[in-house]
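All remarks here apply to the structure that follows.
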Amino acid sequence: MRNSNKLVQGIGFKGMDYPSCGNGKPLKVYQMWRGLLERCTEKCWTKHPSYVDTTCSDNFKHFTFFYEWCQEQIGFGNTDDNGRSWHLDKDILFKGNKLYSEDTCVFVPQRINALLVNCNTSRGEFPICTHRNKYCDTFVSVCNNGTGKKEYLGSFKTAQEAFLAYKTFKEALIKQVANEYKDQLDPRAYQALMNYEVNEK
């Protein structure tokens, strides 16, 4: 039997109210909880700098609370057309948020989660999702469409023009996808997506 007093990821309390496994396999809700705790550790930050300073609420440190909270959330237990479980997202409601908590998290499909991934850490000196074509002295704009593919948006004279093309396309795409899932999303998440603005930095 698991020692219920041992901290999970050095942060969380498993407790004895709900099991972590079923039929010999870890439950998805338990894996999700372990995953969010891990992202709150320096061990994770070393490998994934985008998570530096990520924390979680005191309530989320307890698996019992997290388990019961999940059961009440819109989208928990949902899967997409490929059978992938919806993701726990911490920064749709509050852009740039670093806190996993009962007030800041919602469940969204992977496609929406992928649409909002920020590539700032690898983008270089030019605006997000733009790069310079040194052979033509122009700026190219591309956009991730949320399905693992990149859309080529064109070649422009300036980096600012390339960024504006990206911004226009990306904001319209986010609204389009939000409307596709409107009836399944937490209304707070839907509204946040409809109001989402792409910033240059």
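The values are calculated or read from the model by the stated rules, or taken from the named source; none is laboratory data. Computed from a predicted model, the values in this text were never measured in an experiment. FYI the Cβ positions are ideal-geometry reconstructions off the backbone, even for glycines, and counts take in every protein chain you see. Accessible surface areas use protein heavy atoms only, side chains included; no ligands, DNA or RNA. Shrake-Rupley method; radii C 1.70, N 1.55, O 1.52, S 1.80 Å.
Only one of Gly146, Gly154 is open to solvent by less than 50 Å² (accessible area, probe 1.4 Å) and in a strand (DSSP E or B). Can you tell me which? Working first, answer last.
Details: Gly146 fails: in a strand (DSSP E or B).
Unique residue meeting the criteria: Gly154.
Looking only at region 102-120, how many residues end up being open to solvent by less than 10 Å² (accessible area, probe 1.4 Å) and within 16 Å of Asn195 (Cβ to Cβ)? Spell out how you get there, then give the answer.
To start, the set of residues in region 102-120 that are open to solvent by less than 10 Å² (accessible area, probe 1.4 Å) comprises 105-109, 112, 115.
Then drop every residue that is not within 16 Å of Asn195 (Cβ to Cβ), which leaves 106, 108, 112, 115.
Total satisfying the criteria: 4.
Could you count how many residues in region 33-46 are open to solvent by 80 Å² or more (accessible area, probe 1.4 Å) and closer than 24 Å to Trp86 by Cβ?
Going through region 33-46, the residues open to solvent by 80 Å² or more (accessible area, probe 1.4 Å) turn out to be 34, 42-43, 46.
From the residues that got through so far, the ones that are closer than 24 Å to Trp86 by Cβ too are 34.
Counting residues in region 33-46 that are open to solvent by 80 Å² or more (accessible area, probe 1.4 Å) and closer than 24 Å to Trp86 by Cβ gives 1.
If I filter region 13-32 down to residues being under 21 Å from Phe76 (Cα atoms) and of a type in the set (Gly, Ala, Ser), which single residue comes out as surrounded by the most Cβ atoms within 10 Å (Cβ to Cβ)? Please lay out each step first, then the result.
Filtering region 13-32 for residues under 21 Å from Phe76 (Cα atoms) gives 14, 17-23, 25-32.
Remaining after also requiring of a type in the set (Gly, Ala, Ser): 20, 22.
Values: Ser20: 16, Gly22: 10.
Filtering first and then ranking leaves Ser20.
Looking at region 171-187 only, could you name the residues that are open to solvent by less than 30 Å² (accessible area, probe 1.4 Å) and small (Gly, Ala, Ser)?
As a first pass, look at region 171-187 and keep what is open to solvent by less than 30 Å² (accessible area, probe 1.4 Å): 173-174, 177-178, 185-186.
Answer for region 171-187, where residues must be open to solvent by less than 30 Å² (accessible area, probe 1.4 Å) and small (Gly, Ala, Ser): just Ala178.
Please pick out the residue among Tyr190, Tyr166 that is in a helix (DSSP H, G or I), crowded, with 16+ Cβ neighbours inside 10 Å and without any contact (Cβ under 8 Å) to a residue 24 or more places away in the chain. First the steps, then the outcome.
On the way: Tyr166 fails: without any contact (Cβ under 8 Å) to a residue 24 or more places away in the chain.
After ruling out the rest, the residue left standing is Tyr190.
Would you check which residues across region 77-101 are open to solvent by less than 60 Å² (accessible area, probe 1.4 Å), of a type in the set (Phe, Trp, Tyr) and free of Cβ contacts under 8 Å to residues at least 40 places away in the same chain and list them?
Trp86
Right, Val177: modelled with pLDDT of 90 or more and out of contact with any strand residue (DSSP E or B) (no Cβ under 9 Å at 6 or more places or on another chain) or not?
Here the answer is yes, as Val177 does meet what is asked.
For Phe65, which of the numbered conditions (1) closer than 22 Å to Pro187 by Cβ; (2) crowded, with 16+ Cβ neighbours inside 10 Å fails to hold?
Tallying (1) closer than 22 Å to Pro187 by Cβ; (2) crowded, with 16+ Cβ neighbours inside 10 Å, Phe65 fails exactly one: (1).
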